[in-house]
Amino acid sequence: MHSLINMNGKTLYGADVLTIINKAIDINKINGIPKDENGFYIENDNSSVKVEITFLSKDEKDNIKEVVYQMENLEKRGLTDFIAGFGVTQFECTNLEYNSQNKVKKICVKQLEI
């Protein structure tokens, strides 16, 4: 996750986002991060990594709205479906948060196009 230091504000594609999600899940598993009753990793300030993805959609009046999902939501739905629908869609890394060890603990990405 150290390569993400220079990712803030950069354009990514859905395939890149999938790689980030898979890496975060792997890190959480390796570090033994427990999940809550809803299947979400329990954050700590030491070794957990979270990924938030903001998707764009249009409502019935054609207004663009933003919906935020956690990586676990996408994992439950199937990451294969994510890559099929968003593999070449552009996203932007909008925020990186660091823990007390100066390691990435949260990554926020946002869809740039519908």
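The values are calculated or read from the model by the stated rules, or taken from the named source; none is laboratory data. Everything quoted here is computed from the prediction, not taken from an experiment. Quick reminder, even Gly has a Cβ in these numbers, built from the backbone with ideal geometry, and neighbours come from all protein chains shown. Just so you know, the surface numbers come from the protein's heavy atoms only, side chains and all, with ligands and any DNA or RNA stripped out. Shrake-Rupley method; radii C 1.70, N 1.55, O 1.52, S 1.80 Å.
Numbers below:
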{"quantity": "222 nm mean residue ellipticity, helices alone, for the chain (DSSP H n ≥ 4; -39,500 (n - 2.57); rounded to 500)", "calculated": "-8500 deg cm²/dmol"}
{"quantity": "Positive-end residue of 8, 31, 54, charge dipole of the chain with Cβ unit charges", "calculated": "31"}
{"quantity": "Size of electric dipole in the chain: Cβ of Lys, Arg +1 and of Asp, Glu -1, about Cα centre, debye, nearest 20", "calculated": "260 debye"}
{"quantity": "Degrees, to the nearest 10: 14-30 long Cα axis against longest axis of the chain", "calculated": "20 degrees"}
{"quantity": "Surface accessible to a 1.4 Å probe, per residue, for the residues of the chain, Å²", "calculated": "58 Å²"}
{"quantity": "Distance between modelled label sites at residue 19 and residue 44, nm, 7 Å Cα→Cβ extension", "calculated": "2.9 nm"}
{"quantity": "Linear extension gain, residue 94 paired with residue 66, 0.36 nm per residue minus alpha-carbon span", "calculated": "8.7 nm"}
{"quantity": "Extension reserve of the residue 37-residue 52 stretch, reckoned as 0.36 nm per residue once the Cα distance is removed", "calculated": "3.5 nm"}
{"quantity": "Net charge of Cβ neighbours under 12 Å - reference residue 46; Lys, Arg +1; Asp, Glu -1", "calculated": "0"}
